[in-house]
1. Please count how many residues of region 139-193 are in a helix (DSSP H, G or I) and closer than 20 Å to Asp117 by Cα.
2. Filter region 222-248 for residues that are in contact (Cβ under 8 Å) with a residue 24 or more places away in the chain and either surrounded by 14 or more Cβ atoms within 10 Å (Cβ to Cβ) or out of contact with any helix residue (DSSP H, G or I) (no Cβ under 9 Å at 6 or more places or on another chain) (or both) and give the result.
3. Find the helices (runs of 4 or more DSSP H) located wholly in region 1-89 whose residues include 2 or more that are over 13 Å from Leu124 (Cα atoms) and open to solvent by 10 Å² or more (accessible area, probe 1.4 Å), and list them.
4. Select from region 100-119 the residues that are part of a helix (DSSP H, G or I) and under 19 Å from Glu172 (Cβ atoms) and write down the one among them that is most open to solvent (accessible area, probe 1.4 Å).
5. Pairs under 9 Å by beta carbon, first residue without any contact (Cβ under 8 Å) to a residue 12 or more places away in the chain in region 301-320, partner surrounded by fewer than 18 Cβ atoms within 10 Å (Cβ to Cβ), six or more apart or different chains?
6. Got a number for residues in region 274-325 being out of contact with any Cys (no Cβ under 8 Å at 6 or more places or on another chain) and in a helix (DSSP H, G or I)?
7. Report yes if Phe215 is touching a His at 6+ places or on another chain (Cβ under 7 Å) and crowded, with 20+ Cβ neighbours inside 10 Å, otherwise no.
Amino acid sequence: MSNTIRILSLDGGGIRGIIPALVLSEIEERTGRRIADCFDLITGTSTGGIIAIGLTIPGEDGKAMYSARDMLNLFENEGKQIFHRSIWRTIESGWNLLDEKYHAKGIEGILETYFGDSRLKDALTNLLITSYEIEARTPWFFRSNKAKVSSDYDFPMVKVARAASAAPTYFEPLKLDTENELDYYSLIDGGVYANNPGMCGYVEARSLFPDASDFLMVSLGTGELTRRIPYKKAKDWGLAQWAHPILNIMFDGMSDTVDYQLRQLLRPHEGNRRYYRFQTRLDSGNDDLDDASDRNIRDLKLESKDMLEDHHDDILQLCEMLSKE
């Protein structure tokens with residue numbers, strides 16, 4: 001597989017980022033390499049964007065500052081602060097009907113603690129983070145390769161992560177100041193069009209590496225929704241009742257659609273597997289983006305470990321490939 005470009009894609013999913021973080025931790029342990037050293041391009045949406053950023057920030061020694069285990073610890077230890085809502089906030093937001101569910105200060109404080117002064121150009125490997133510009137009404141991509149050559153495009157990683165994870169109804173949009181003629185961008189979670197950013201990553205990789213002989217895609221999900229929406233309830237729902245369910249339906253449906261597309265595009269070739277998708281059903285873990293309770297975190301970890309056991313041979317095969325320079 002000489003000159004094969006390796007792509008890592010990380011779905012959005014709020015606190016369910018625990019699932020891909022645990023899978024990545026397993027990969028690092030088995031390969032003995034940091035994730036940024038294993039892939040030529042990492043793309044992420046929402047919580048996947050936060051993980052992608054964390055794994056590509058350089059430390060003082062020039063190597064990755066954080067391991068995948070560190071990212072797992074971020075969700076375990078900081079989830080309650082990210083998704084903290086006081087009684088006053090509940091009342092102030094009209095029980096989430098009049099305003100976003102959470103103040104941004106919780107997530108912004110965590111991002112500043114972890115990502116500090118790092119900038120997009122500092123990424124240790126090519127980085128593609130999705131967002132959406134609501135005033136221009138267009139998809140927005142944070143590209144580290146562009147940040148390296150254009151100072152106007154070199155944003156703080158804290159801002160990139162905040163923009164990527166500004167899920168509608170959960171957090172307010174990010175107003176990102178810029179020095180160009182627009183003055184600012186108004187950005188929300190890229191999950192509204194690419195909750196599974198795998199296809200975005202594949203197209204980006206083909207653009208960045210036009211002479212590549214082949215591509216290897218590793219796509220990590222944050223759990224398939226299994227909670228039923230009964231027809232008897234949904235048939236009488238209006239805007240208020242559909243707001244949260246429709247967001248989850250969009251995220252889940254888009255993820256599965258991209259998975260299907262990539263399976264067709266990256267079929268095995270000459271005995272080489274070109275596409276890996278690791279996803280689990282949320283049979284016990286809660287599919288809510290913001291359930292950071294101890295019990296749900298434990299359930300998500302258990303389901304992740306069950307998935308790793310079910311895909312033991314796939315993980316071994318993948319890690320063998322990623323261990324090669």
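1. Here the count works out to 15.
2. Thr222, Gly223, Glu224, Leu225, Thr226, Ala240, Ala243, His244, Leu247, Asn248
3. Hits in region 1-89: 18-31, 68-82.
4. Lys105
5. Qualifying pairs under 9 Å: Glu320/Arg30.
6. So the answer is 27.
7. no
Residue by residue, here is whether (1) at pLDDT 95 or above; (2) within 30 Å of His244 (Cβ to Cβ); (3) among the β-branched types (Val, Ile, Thr) holds:
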| residue | (1), (2), (3) |
| --- | --- |
| Trp140 | yes, yes, no |
| Asn145 | yes, no, no |
| Tyr153 | no, no, no |
| Met157 | yes, yes, no |
| Asp183 | no, no, no |
| Gly201 | yes, yes, no |
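The values are calculated or read from the model by the stated rules, or taken from the named source; none is laboratory data. Here the structure is a predicted model, which is why all the values come from computation and not from measurement. Glycine also receives a Cβ, built like all others from the backbone with ideal geometry; neighbour counts cover every protein chain displayed. What goes into the accessible areas is simple: the full protein's heavy atoms, side chains included, and nothing from ligands, DNA or RNA. Shrake-Rupley method; radii C 1.70, N 1.55, O 1.52, S 1.80 Å.
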